[in-house]
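The values are calculated or read from the model by the stated rules, or taken from the named source; none is laboratory data. These figures come from a predicted structure and were not determined experimentally. Cβ placement follows ideal geometry from the backbone for every residue including glycine, while neighbour counts extend to all protein chains displayed.
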Amino acid sequence: MRPLLRARPTGGGPGRAPAFLAVPAVLALAFLVLPLAGLVLRAPWREAPELLAGAGVGQALRLSLLTASAATVVCLLLGIPLAWLLARPDLPGRSALRALVTVPLVLPPVVGGVALFTVLGRTGLIGRPLYELTGFAFPFTTAGVVLAEAFVALPFLVLAVEGALRAADRRYEEAAATLGASQWTVFRRVTLPLVAPGVAAGAVLCWARALGEFGATITFAGNFPGSTQTMPLAVYQALEGADPRAAVLLSVLLLGVSVAVLGLLRDQWVNRL
Amino acid sequence: MTVDARIVVHRSGWSLDLELAVGAGEVVALLGPNGAGKTTALRVLAGLQPLDAGHVVIAGETVTDLPSARRSVGVVFQDHLLFPHLSALENVAFGPRARGVPAAVARRTAREWLDRVGVGEHAAARPRTLSGGQAQRVALARALAAEPRLLLLDEPLAALDARTRLTVRSDLRRHLASFGGAAVLVTHDPFDAMVLADRIVVVEDGAEVQTGTPAEVSRRPRTEYVARLVGLNLLRGVATGHHVDVDGGGELVTADSAFGPVYAAFRPAAVSVYPERPAGSPRNVWPGRVTTAEPHGDAVRIQVDAAGLPVLVDCTTAAVAELGLGPGSPVWLSVKASEIEVYPS
């Protein structure tokens, strides 16, 4: 990995950092790193196979991977067109729309869960007619988990893809049009491949955010093992209840996934954008 | 006419109004300075930009309101715009495939085109690994493989280095000659226009100022800009037989006779320079003063202020040294009457 800062080549070296900056800086670093180190150190590695084999953990892991992936697919299907729209320079009210898209980034996830409830709950604006028509309601179902995760993760994808679209040279699309390509062909064979690195980076970020989702999920979908209890929820329950060791182990697992995502983003995609 | 267009585009402080007719197999060059509106005209023809008034008819079909994809135009862009994520072959196959040709057939067509433009061995290469000349050939193959009725070339040689430009230009000439549809070439390089086009339309400030074959335009320029482009001295005046009263003073004697307002053009190399008033036959003799002198090919091009008229003169380096010419030197110029081309303005 490249260093963020390089020492000045000549002229007396970088010099010593003054103590009033160095001390809090080291403290901050310790504050960030120590808990993670503690997690790794205190993880019950010996019992790990047995704990992971336990019904609840495996179930939560599978559900997490499934729902995070499903949420990512939802985000890709809806987010790429939205990003495309936002990237058009002639879109009226673009900055307002863009601000709206970023709301879930700063919104407390619990609020997101409550908001989803008011719209898609059994008595919600859309939820009630949906329930009356089909007998189906999103809350407390796996589909509800996917929805909650997609809600908080969508901005990550949209912003990444929008950035890539804006950086891309739109004249390639013109070239494709002169060759007789329909708008759909231009989008599929030119626009999308041109922004593929941005889409990939966005999808990874989106997936990671969905995997770690807690607040909106527990509010909107509840915490039912097997159907809505994802890893973060299982961690929470394990820590509160029977098995803190399992909580630590699951946390290490999630930490591993996060580090892997960071590594992927750094080396595979971010540098290429 | 394969192409019949009137292109009117208004922008704040600028407008373009150009009529254009191009026959089948004909190559028309839009020649003009940057900002004259050439590229805008090309984009309108391609359907990449709307026009404010006028029409575009290609092969009898009015395409004014049709999108680019349904116009059957091929465009070769200045910086080639080959799709960076596709190989040369897939770039060329893109047009046929977009028009519904099965992938295998489209690739076979693409391969033929790559061979024809001489880059068959680079079929699998990505555009970024191609040289400028190779990329421009692939871009030509891509435009032609879609079988357009109108081929548009936007400064196709401008991004190439001098040597590559030479070979690509002569190959382009060959491909344009065998292309059956109409072709419109945009360039600011008079030599490209002379070599590649059957007819030149000179565009200045959004309007046509002159049109004709390369020979006509280069022999009889009608604006100062064109004269400078083709390297001629251009004077304007009123002719009475073999005599022309030059606007702004002075007079010319010409071998051809004309009447009324005329242009008079002569080559810088046809002007002789003397340190003193020459004796003998030359009839057109003017005193003047050198304003600038700079190398021009294997000669030296000096600009002389001859009683208010700027005249370009090409001298040998030896003559410049012998006469000790430099800015400010007083000289006498003469031009033979037979060297002056006179034509009505």
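Points to keep in mind about this one:
- Sole residue being more than 30 Å from residue A:167 (Cβ to Cβ), of a type in the set (D, E, K, R) and at pLDDT 85 or above, chosen from A:62, A:98: A:62
- Scoring residue B:52 on the criteria (1) more than 11 Å from every other protein chain (Cβ to nearest Cβ); (2) surrounded by 18 or more Cβ atoms within 10 Å (Cβ to Cβ); (3) within 27 Å of the chain's Cα centre (by Cα) leaves a single failure, condition (2).
- Elements of type helices (runs of 4 or more DSSP H) contained in the range A:19-87, each with 3 or more residues being hydroxyl-bearing (Ser, Thr, Tyr): A:55-87
- Scanning the range B:65-122 for residues that are among the β-branched types (Val, Ile, Thr) and part of a helix (DSSP H, G or I), we see that the one that is farthest from residue B:45 (Cα to Cα) is B:105.
Conditions (1) within 20 Å of residue B:251 (Cβ to Cβ); (2) part of a helix (DSSP H, G or I); (3) of a type in the set (Ser, Thr, Tyr), marked per residue:
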| site | (1), (2), (3) |
| --- | --- |
| B:272 | yes, no, yes |
| B:278 | yes, no, no |
| B:290 | no, no, no |
| B:294 | no, no, no |
| B:301 | no, no, no |
| B:304 | yes, no, no |
| B:311 | yes, no, no |
| B:328 | no, no, no |
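- Helices (runs of 4 or more DSSP H) completely within the range B:155-253 that count 2 or more residues being farther than 30 Å from residue B:57 by Cα and touching a His at 6+ places or on another chain (Cβ under 6 Å): none
- Breaking point among (1) part of a helix (DSSP H, G or I); (2) without any contact (Cβ under 8 Å) to a residue 60 or more places away in the chain; (3) away from chain B (no Cβ under 14 Å); (4) farther than 19 Å from residue A:74 by Cβ, for residue A:223: (1)
- Of the helices (runs of 4 or more DSSP H) lying entirely inside the range A:98-206, those containing at least 2 residues that are within 14 Å of chain B (Cβ to nearest Cβ) and in contact (Cβ under 8 Å) with a residue 24 or more places away in the chain are A:142-167.
- Qualifying residues in the range B:105-135 (those that are within 16 Å of residue A:179 (Cα to Cα) and not basic (Lys, Arg)) - the one surrounded by the most Cβ atoms within 10 Å (Cβ to Cβ): B:110
- Residues (within 8 Å of chain A (Cβ to nearest Cβ), under 30 Å from residue B:21 (Cβ atoms) and touching a helix residue (DSSP H, G or I) at 6+ places or on another chain (Cβ under 9 Å)) located in the range B:72-93: B:73, B:74, B:75, B:77, B:81
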